[in-house]
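Participant: Have a look at this one before I ask anything.
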Amino acid sequence: MGYVDEVLARVAKQNPEQAEFKQAVEEVLGSLRPVIERDEEKYRKQAILERLTTPDRQILFRVAWVDDAGQTQVNNAYRVQFNNAIGPYKGGLRLHPSVDLSIIKFLGFEQIFKNALTGLPIGGGKGGCDFDPKGKSDREIMAFCQSFMTELAKYIGADMDVPAGDIGTGAREIGYLFGQYKRLKGVYEGVLTGKGLEYGGSLVRTEATGYGLLYLVDELLKDHAQSLRGKTVTVSGAGNVAIYAIKKAQELGAKVVTCSDSTGWVYDPAGIDVALLQEVKEVKRARLTEYVAKRASSKYYEGHGVWSVKTDIALPCATQNELHLADAKQLVENGVLAVAEGANMPTTLEATKYLQEHGVLFVPGKAANAGGVAVSALEMSQNSERLSWTFEQTDEKLKEIMQKIYQNIKQAAKEYGFEDDFVLGANIAGFKKVAAAMEAQGIY
């Protein structure tokens with residue numbers, strides 16, 4: 001048995017119930033085989049893969065808070081600090097009922113490579129809680145966030161671990177979390193990113209993941225003698241990533257015809273009205289049925305179906321494992337040119353393989369959606385320097401980072417004889433940087 005297979009077996013044995021984490025490890029380690037096989041003895045002797053797939057620490061804690069009825073509620077919370085070989089742990093806080101240790105570990109593991117690809121000095125980590133912000137009052141959100149941060153504050157810091165937002169954790173939640181950290185620690189530091197502009201946040205952070213996704217897709221298409229202009233694009237999701245991906249795609253000349261939420265999806269052949277979508281989802285926090293009620297050209301469908309629409313470019317921007325093998329087959333049948341992940345691991349392994357085998361240009365989330373964490377790291381830089389950059393300055397830096405990511409993953413794939421395999425390229429480029437740092441720092 002080779003080294004990669006030994007470590008995969010070890011991960012499976014030690015994490016039997018953690019399906020998402022095992023899926024992420026299998027995807028990454030499987031594509032690292034060409035690198036490992038070139039120098040297997042060195043990597044094995046230093047146990048690089050065992051150390052890489054085992055978090056530095058896993059912090060599990062309860063969060064007790066009082067709701068508006070005076071009832072005490074209890075939630076399970078997590079912070080997994082995975083690897084800090086190239087910088088402080090960095091990764092979001094997800095607030096959603098589906099959150100468990102497996103999901104947080106898969107996200108944290110992915111974050112190691114994503115953060116390395118940005119070229120910025122940030123390590124990989126992730127956190128969250130099975131708390132659901134939907135339907136909660138502002139006072140309940142504040143009560144939860146204050147209790148959550150009371151425990152989390154023991155393990156984070158501007159040069160140790162810098163959390164950010166994620167699903168369910170927006171500007172409101174970050175504000176309450178930051179206020180409680182400051183109250184507990186008595187210091188004003190850039191311990192969280194995604195902060196409001198009034199207190200150390202960065203311009204472009206809201207738009208970063210969606211904009212970055214399109215900057216990379218634009219670079220990908222140009223490299224293959226194509227253009228976004230005139231292309232039809234399908235997007236899943238209707239949250240922050242999806243909204244700004246739709247906006248930037250349309251600014252670059254494409255027509256986006258779909259979006260979705262947890263109950264259904266919209267098809268708008270005239271092109272999604274971004275302003276209306278923002279009003280429905282960001283202002284009113286309403287369902288997409290309200291979009292359709294105000295947009296005569298659109299239709300609403302219950303359930304899952306975004307990927308049935310004929311498209312040139314598909315951008316899954318909702319959640320993990322949303323694009324299945326059957327969806328991949330529909331996309332290929334409809335002539336899709338490229339698929340780029342705006343969410344974290346939204347495409348199953350089987351679907352990814354099918355798309356690649358049928359000539360679709362496929363870019364994984366650790367590369368395609370790295371814009372969010374890139375601007376988070378730029379926010380950290382601004383906080384450290386006590387500066388605030390303009391929108392144009394930050395947006396230009398984001399664009400340069402995403403273009404560089406594409407070029408790096410392209411070159412890594414080509415170097416190992418797998419041209420246009422951007423999954424392999426992303427994993428190899430991220431791994432080589434992190435592994436080199438681990439080797440340089442000795443066994444710790």
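Participant: Tell me what the chain gives for mean residue ellipticity at 222 nm when only DSSP H runs of n ≥ 4 count, each as -39,500 (n - 2.57), the sum divided by the residue total, rounded to 500 deg cm²/dmol.
Facilitator: The helix contribution divided over the chain gives -14500 deg cm²/dmol.
Participant: Could you pull out every residue, at least 5 positions away or on a different chain, whose amide H is within less than 5 Å of the one on V363? Hs are placed 1.01 Å off N in the peptide plane, and Pro or chain starts have none.
Facilitator: It is V339, A340, E341, by chain and number.
Participant: Now for a different question. Mind checking which of V283, V336, F178 is farthest towards the positive end of the chain's charge dipole, using Cβ charges of +1 (Lys, Arg) and -1 (Asp, Glu) about the Cα centre?
Facilitator: Of the candidates, F178 comes out farthest on the positive side.
Participant: Follow-up. Which value, in debye to the nearest 20, describes the size of the charge dipole of the chain about its Cα centre when Lys and Arg Cβ atoms bear +1, Asp and Glu Cβ atoms bear -1, and nothing else is charged?
Facilitator: The calculated dipole for the chain is roughly 580 debye.
Participant: If you compute Cα Rg over 2.2 N^0.38 Å for the structure shown, which of (1) 1.00; (2) 0.94; (3) 1.05 do you land on?
Facilitator: Label of the calculated value: (2).
Participant: Still on this structure, please answer the following. Peptides 438-444, 273-279, 317-323: what's the order by average Cβ count within 10 Å, highest mean first?
Facilitator: Taking the mean over residues of other Cβ atoms within 10 Å, the ranking is 317-323, 273-279, 438-444.
Participant: In a shell of Cβ-Cβ distance under 12 Å around G230, excluding G230 itself, what net charge do Lys and Arg (+1) and Asp and Glu (-1) give?
Facilitator: +2
Participant: About the Cα centre of region 208-363, what is the dipole size in debye to 20, counting +1 per Lys and Arg Cβ and -1 per Asp and Glu Cβ, all else neutral?
Facilitator: 400 debye
Participant: Restricting everything to alpha-carbon atoms, can you work out Rg to Rh for region 3-189 with a Kirkwood hydrodynamic radius?
Facilitator: Rg/Rh for region 3-189 comes to 1.03.
Participant: I need the phi-derived Karplus couplings for region 406-422: 6.51 cos²θ - 1.76 cosθ + 1.60, θ = phi - 60°, integer Hz, Gly and Pro marked x.
Facilitator: So the Karplus estimates, Gly and Pro as x, are 4, 4, 5, 6, 5, 5, 4, 5, 5, 4, 9, x, 10, 4, 6, 8, 7 Hz.
Participant: List the relative contact order of the chain as a percent without decimals, with contacts defined as Cα pairs under 8 Å and 6+ residues apart.
Facilitator: It comes to 15 percent, rounded to a whole number.
Participant: Starting from the amide H of K231, placed 1.01 Å from N in the peptide plane, find each other amide H under 5 Å away whose residue is 5 or more places distant or on another chain.
Facilitator: Here K255 satisfy the definition.
Participant: State whether region 209-344 is rounded, prolate or oblate according to the following rule on the C-alpha gyration tensor (a ≥ b ≥ c being the square roots of its eigenvalues): a/c under 1.5 gives rounded; otherwise a/b larger than b/c gives prolate, and the remaining case gives oblate.
Facilitator: Prolate, because a/c is 1.5 or more and a/b exceeds b/c.
Participant: May I pose another question? What does the charge count around K294 come to, taking other residues whose C-beta lies under 14 Å from its C-beta (Lys +1, Arg +1, Asp -1, Glu -1)?
Facilitator: Around K294, the surrounding residues sum to +1.
Participant: Separation of region 73-129 and region 276-311 by C-alpha centroid, Å?
Facilitator: 30 Å
Participant: Let me ask something additional. By its C-alpha gyration tensor, with a ≥ b ≥ c as the square roots of the eigenvalues, how is region 287-444 shaped: rounded for a/c under 1.5, else prolate for a/b larger than b/c, else oblate?
Facilitator: oblate
Participant: Taking amide H positions as placed 1.01 Å from N in the peptide plane, with prolines and chain starts having none, which residues 5 or more places from I167, or on another chain, fall under 5 Å of its amide H?
Facilitator: L95
Participant: With a 10 Å radius around each residue's Cβ, average the other Cβ atoms per peptide and rank 57-64, 169-176, highest first.
Facilitator: Descending packing order for the listed peptides: 169-176, 57-64.
Participant: Quick one: work out the % antiparallel among DSSP beta bridges in the chain, nearest 5.
Facilitator: 55 percent
Participant: Quick one: Karplus J couplings for region 334-347, per residue in order, coefficients 6.51, -1.76, 1.60, θ = phi - 60°, nearest Hz, x for Gly and Pro?
Facilitator: Going residue by residue, I get 8, x, 4, 8, 8, 10, 10, 7, x, 9, 8, 6, x, 10 Hz, with x marking Gly and Pro.
Participant: Could you derive backbone 3J(HN,Hα) for region 119-130 from the dihedral phi with the Karplus parameters 6.51, -1.76 and 1.60 (θ = phi - 60°), listing whole Hz in sequence and x where the residue is Gly or Pro?
Facilitator: Once rounded to whole Hz, the list reads x, 9, x, 9, x, x, x, 7, x, x, 7, 7.
Read-outs: derived from the displayed coordinates by stated rules, not from any lab. What you see is a predicted model; the values in this text were computed from it and never measured. All Cβ positions, even for glycine, are placed from backbone atoms using ideal geometry, and neighbour counts span all protein chains on display.
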